[in-house]
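Structure, as structure tokens:
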Amino acid sequence: MESMRDGPISQAQAQRFKQLVWPLMPMVLRTAQYLTRHSQQAEDLAQETMVKAMRGIDSYQDDTNLKAWLMTILRRTHIDQLRVGRNRPDEVSVASDVLEVTVPDSSKAAGEFDEQWEEPEALMGRFEDDAIIKALGELPEDIRWTLLLVDVEKMEQVEVAAILNVAVGTIKSRTHRGRSMLRDRLYQLALQRGWVAARESTP
């Protein structure tokens, strides 16, 4: 757990934060975008997270997982903001300079995307970021966090388990269930856009 301190930050602490933590700011902001679904709220969440990380930099132990330490701070900050009614998403408004936007070619024939539909990276790469963020936002909080850390940030499941304070088996289950839920939501969107052929109903 990060240990917050009052008073000014020393030069040594600021330098350590700048060297170790600041390069991870894009990761924090990207994850905040997925969580809040709103650019300004994401910036506020990311900024508050980094301030807490700087004030708690002495609690980080070298040779331990820095990303896990930082994402734990982000998660707790997000929970705190939700408890006081902040960062409740009401619209999707994402800055394209934060998340790389990939828009599939809508002229491709229906059914052409079917063969790779089961692969998380291929699936998420087919949609613009607004669509992914909206779909993730419709998932339960625990599922959304799991997919963000496993599939978006490419973290190991054991790392994610430590951040979310659950067993690795729980992360495996959430990942499997979450991918299925996300796939179903994006499939409906792909169907509307004519990117996939309609699935045949089974008797």
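Suppose the filter is at pLDDT below 95, surrounded by fewer than 12 Cβ atoms within 10 Å (Cβ to Cβ) and not assigned by TED's automatic domain parsing to the domain that holds Trp145; does Met1 pass it? Spelling it out, Met1 is indeed at pLDDT below 95, surrounded by fewer than 12 Cβ atoms within 10 Å (Cβ to Cβ) and not assigned by TED's automatic domain parsing to the domain that holds Trp145. The number of residues in the range 171-195 that are free of Cβ contacts under 8 Å to residues at least 40 places away in the same chain and surrounded by fewer than 19 Cβ atoms within 10 Å (Cβ to Cβ) comes to 9. For the range 31-47, filtering for residues that are surrounded by fewer than 20 Cβ atoms within 10 Å (Cβ to Cβ) and of a type outside the set (S, T, N, Q) leaves 2.
Here's the yes/no breakdown for (1) assigned to a helix (DSSP H, G or I); (2) in the same structural domain as Asp142 (by TED's automatic domain parsing); (3) at pLDDT 90 or above:
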site	(1), (2), (3)
Met27	yes, no, yes
Tyr34	yes, no, no
Ala42	yes, no, yes
Ala46	yes, no, yes
Val51	yes, no, yes
Gln61	no, no, yes
Thr64	no, no, yes
Ala68	yes, no, yes
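The values are calculated or read from the model by the stated rules, or taken from the named source; none is laboratory data. Note that this is a predicted model, so its numbers are computed, not measured. Ideal geometry is used to build each Cβ from the backbone, glycine not excepted, and the neighbour counts take in all protein chains shown.
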